[in-house]
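Notes to accompany the following structure.
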Amino acid sequence: MTRILIVDDHEILRRGLREIFADTFPKMVIGEADNSREAVDLTLTQDWCIILLDINIPSHSGLAVLEEMKRLRPHTPVLVLTAYSEEEFAIRSLKLGASGFLNKSQTSVEVVAAVKKVLAGGKYVSASLAERLASSLSSDVLRAPHEELSSRELQVLQMIARGEAIKQIAAKLALSDKTVSTYRNRISKKMGLSTNVALTRYALKHRLVD
């Protein structure tokens, strides 16, 4: 029996995916999570054949959730399904262990094809992403500044770009204000941007936040 976990905070999208999969995989058992805590708990306590993960979910960075899922269940394939830019997040997701990256703008046929490929043990990427991956192997390719950030630094950058203050970020991530400030300083140094306004503009331009 095929078991799939859908992690997304939008109930309408989860319902749509259930309907798509019900037609294609009639014997599939589908679980759902709408936040990072529930997603990690279900990953730990139950066995899944595949996890569909939106990396834009409340209360935690989806990339951090992906890392935690792969730590808990290294052999469980995770297919990232998100509205975030493929160009900005796909390679990072794959490096963290995702078995594929799928944009929400793609059709139901493409979603089913991606799930089937991952269930069969393969990896799914679009043609445009495959080309970018090939290009990234060249040492001559210039990396965007945010690609030098760690997953935690990228998470802090996203929260800053959403207008959250140091204290708010610290509370949400269960970190000290000092630790968050250290991350903030590292981000500025790596990206060459000193103000929150500049960081926010960069994040919006590169579609790191929606």
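Relative to the globular-protein estimate of 2.2 N^0.38 Å, the Cα radius of gyration of the chain stands at 1.04. Annotation: for a label point projected 7 angstrom from Cα along Cα→Cβ of ARG15, residues of the range 25-43 with backbone N closer than 19 Å are 30-35. Counting Cα-Cα pairs of the range 145-205 in 10 Å increments starting at 0 gives whole-percent bin shares of 25, 62, 13.
Taking the number of other C-beta atoms within 10 Å as the exposure measure, put VAL109, VAL7, VAL125, VAL209 in order starting with the fewest. Intermediate values should be presented prior to the final figure.
Values: VAL109 10, VAL7 29, VAL125 21, VAL209 16.
Listed from fewest to most nearby Cβ atoms, that is VAL109, VAL209, VAL125, VAL7.
Taking the fewest neighbouring Cβ atoms within 10 Å as the starting point, the ordered list for GLU110, GLU19 is GLU19, GLU110. Going by Cα centres, the range 94-130 and the range 16-81 are how many Å apart? Centre-to-centre distance over Cα atoms comes out at 14 Å. Note on SER128 and ASP34: with the Förster distance fixed at 25 Å, the Cβ-Cβ geometry gives a FRET efficiency of about 0.25.
So, in the chain, how many Lys pairs have Cα atoms under 16 Å apart, if the pair is 8 or more places apart or on different chains? Could you put the intermediate results ahead of the total?
On the way: LYS27/LYS116; LYS70/LYS95; LYS70/LYS123; LYS95/LYS123; LYS167/LYS178.
The result is 5.
Report the FRET efficiency, 1/(1 + (r/R0)^6), for LYS190 and ALA165, where r is their Cβ-Cβ distance and R0 is 25 Å, rounded to 0.05. Display every interim value, and only then the final one.
Numbers: r = 21 Å, r/R0 = 0.84.
Calculated value: 0.75.
Couplings 3J(HN,Hα) of the range 19-24, computed from phi: 5, 4, 6, 4, 6, 8 Hz, in residue order, whole Hz [Karplus 6.51 cos²θ - 1.76 cosθ + 1.60, θ = phi - 60°; x for Gly and Pro]. For ASP23 and GLU148, the FRET efficiency from 1/(1 + (r/R0)^6), where r spans their Cβ atoms and R0 equals 41 Å, is about 0.40.
What value, in deg cm²/dmol to 500, does the helix sum -39500 (n - 2.57) over DSSP H runs of n ≥ 4 give at 222 nm once divided by the residues of the chain? Can you show the working numbers first?
Numbers: 10 runs with 111 residues, N = 210.
One gets -16000 deg cm²/dmol as the mean residue ellipticity at 222 nm.
A short reminder: the numbers here are calculations on the coordinates, not readings from a lab. Just so you know, these numbers come straight off a predicted model, no measurement behind them. Don't worry about glycine lacking a Cβ; one is built from the backbone with ideal geometry, like all the others, and counts go over all protein chains shown.
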